[in-house]
Structure formats: structure tokens, C-alpha cells
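Colleague: First the structure, then my questions, so here it is.
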Amino acid sequence: MFDYTVGKMKMDTKSLYLRVRKENGEDLRRVLLELELLATDLKIGSSGKDLLMPLVRQPNDRESHELKRLSGVLQTGETTFQPRTRTRTLLDILGEELPPHVLAGIPKSLDIVGHVAIIEMTPELESYGTAIGQAILNVNKNVRTVLAKASQIGTQYRIREFEVLAGEDRTETIHKEHGCRYLLDVRKVYFSARLGFRTRSSSQACA
């Protein structure tokens, strides 16, 4: 995933922490989230065999009792933590360029075949094709070509037409799946990564 957060370098932050054994870490993390105590903008630290869970505030008496019951011992302190860098999503980027009613129509998924991303565009999205294509390039570092489906599947070979939204006008690619490498041109052959389970029986021969 492409990290679209650029320009500002965040400094380490001093915060309260709860020390927990690593084997109890996931359970305590969930409890801290439920209690709204975990500082989710900071990375969890470590010290020897323990994890240091950054806190947004000191637990109150009821919360302290619950945390002590789960962890066996309640040990808090203060130290510095590295900030989490939030990667901007496709919707984050497009939210700055598309009206809300158009943004709601962005497909929840797209097909990626090798370096080619393929998206289904509704009539409402068509006038924003360039912005959508560029945003897809920004959040998928391995994608170099973004195509929109421009026709229904036709002919006995199930191929269709595509429109280039952004990136290179190059539709021949190498797709890797289950240990196999497929050299194909999405304009000339029908290929669906969503049907990958059908290739598993032959994957041993490709590995």
C-alpha cells in the first residue's frame, strides 16, 4: 500500500503505558480498546518479554481492577513511543475531489492482474475517471496501468474493451498466482483473478 502521507515527520511522543506479558498482549489490547484506553495513534512498544501498551489516560479504579484481574499485576509507567503513520486509502484521497454522492458509488474492490488494475465505472463515475485512476495508482505501488471496463463481455473468447484511466497504455502483463506466472494481455484474453481457485490443481506443476 502506497503511503500517501508525505511532508511532515512525526516525532516520538511521551505517553503512559501498561506493561503486559507478550502472551497476554492480544487479550489486553482488545480490553484496552473496549475501555477506550489504548492510544491507537502510537505503536506498541516492547521491553524484554513484555509489551508496553500506550494509554490515553490513567485507568480509573474500576478499569484498574479489571486490568489487574486479567493481567495478574497492574504495572504502569511513562516512556516515549513511535507514532503510527496512517496510510491514506483510496476513499481518503477521492474524498477531497469527489462529491459525497459520487464517492458513495466507488466500487468496494477492483481486479488486479499483474501491473494492471481494472475497475467497473458507473455512469456517475465516468466524468471523474482520471482522478479515480490516479488515486488507484497512488495507493497501489505495483499498479502501473488503470483500466475501466468499456464494454460487456463479448465473443466466444469472453474478451471485452477497456479504457485507460491513468498510467501506461500497456495491457500485456505477467500475473503471478499459486506459484504460476501467466504472460497475458487483458485486451486479448479473458482472465479473472477471482477464479484463481480453478488454477490450484495445476499449481504444483508451476512451482
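The values are calculated or read from the model by the stated rules, or taken from the named source; none is laboratory data. Worth saying up front: this structure is predicted, and the values here are computed from it rather than measured. As a convention, Cβ positions derive from the backbone with ideal geometry for all residues, glycine included, and neighbour counts pool all protein chains shown. Side chains included, ligands, DNA and RNA excluded: accessible areas come from the protein's heavy atoms. Shrake-Rupley method; radii C 1.70, N 1.55, O 1.52, S 1.80 Å.
Colleague: So how much slack lies between GLU168 and SER46, counting 0.36 nm per residue of separation and subtracting their Cα-Cα distance, in nm?
Modeller: Numbers: separation 122, 0.36 × 122 = 43.92 nm, distance 4.42 nm.
That works out to 39.5 nm of additional length.
Colleague: If we count every other residue with Cβ under 9 angstrom of LEU35's Cβ, Lys/Arg +1 and Asp/Glu -1, where does the sum land?
Modeller: Numbers: positive: none; negative: GLU34, GLU36, GLU63, GLU66.
My count for the surroundings of LEU35 gives -4.
Colleague: Excluding residues on the same chain fewer than 8 positions from LYS14, give the aspartates and glutamates whose Cα lies under 18 Å from its Cα.
Modeller: Here the aspartates and glutamates satisfying the reach criterion relative to LYS14 are ASP41, GLU78.
Colleague: May I pose another question? Return one whole number: the accessible area per residue of segment 50-111 in Å², for a 1.4 Å probe.
Modeller: Values: 3850 Å² over 62 residues.
Result: 62 Å² of accessible area for each residue.
Colleague: Let me ask something else. For a quick check: with amide H placed at 1.01 Å from N, whose amide H comes under 5 Å from MET121's, ignoring anything fewer than 5 positions away on the same chain?
Modeller: Excluding prolines and chain starts, which carry no amide H, the hits are LYS149.
Colleague: Once amide H atoms are built 1.01 Å from N in the peptide plane, which residues 5 or more positions from ARG187, or in another chain, come under 5 Å H to H?
Modeller: Amide H neighbours of ARG187, under 5 Å, 5+ apart: none.
Colleague: Along the Cα-to-Cβ line of LYS22, 7 Å from the Cα, sits a label point; which residues in segment 37-64 have backbone N less than 12 Å from it?
Modeller: In segment 37-64, the label zone of LYS22 (backbone N under 12 Å from the point 7 Å along Cα→Cβ) covers 46-52.
Colleague: Which FRET efficiency value, to the nearest 0.05, is calculated for LEU91 and TYR190 with the Förster distance at 30 angstrom and r the Cβ-Cβ distance?
Modeller: Plugging the Cβ-Cβ distance into 1/(1 + (r/R0)^6) gives 0.50.
Colleague: Now for a separate question. For LYS149, give me every one of the aspartates and glutamates with a C-alpha distance below 17 angstrom, ignoring sequence neighbours fewer than eight places off in its own chain.
Modeller: Partners within reach: ASP111, GLU120, GLU124, GLU126, GLU161, GLU163, GLU168, ASP169, GLU172, ASP185.
Colleague: Could you give me the ³J(HN,Hα) list for segment 180-186, computed from phi with Karplus coefficients 6.51, -1.76, 1.60 and θ = phi - 60°, whole Hz, x at Gly and Pro?
Modeller: The phi angles translate into 9, 10, 10, 8, 8, 10, 5 Hz.
Colleague: Quick check on my link table: of LYS43/LYS68; LYS108/LYS188; LYS43/LYS141; LYS22/LYS68, which ones sit more than 20 Å apart, alpha carbon to alpha carbon?
Modeller: Working: LYS43/LYS68 22 Å; LYS108/LYS188 26 Å; LYS43/LYS141 24 Å; LYS22/LYS68 15 Å.
Exceeds cut-off: LYS43/LYS68; LYS108/LYS188; LYS43/LYS141.
Colleague: A further question follows. Taking all protein chains in place and a 1.4 Å probe, what share, in percent, of the accessible surface of segment 1-140 do carbon and sulfur account for?
Modeller: On the way: 4270 of 8630 Å².
Here it works out to 49 percent.
Colleague: Still on this model: Starting from 0.36 nm per residue, how many nanometres of slack lie between HIS65 and VAL102 once their C-alpha separation is accounted for?
Modeller: Taking HIS65 through VAL102 to full extension adds about 8.5 nm, to one decimal.
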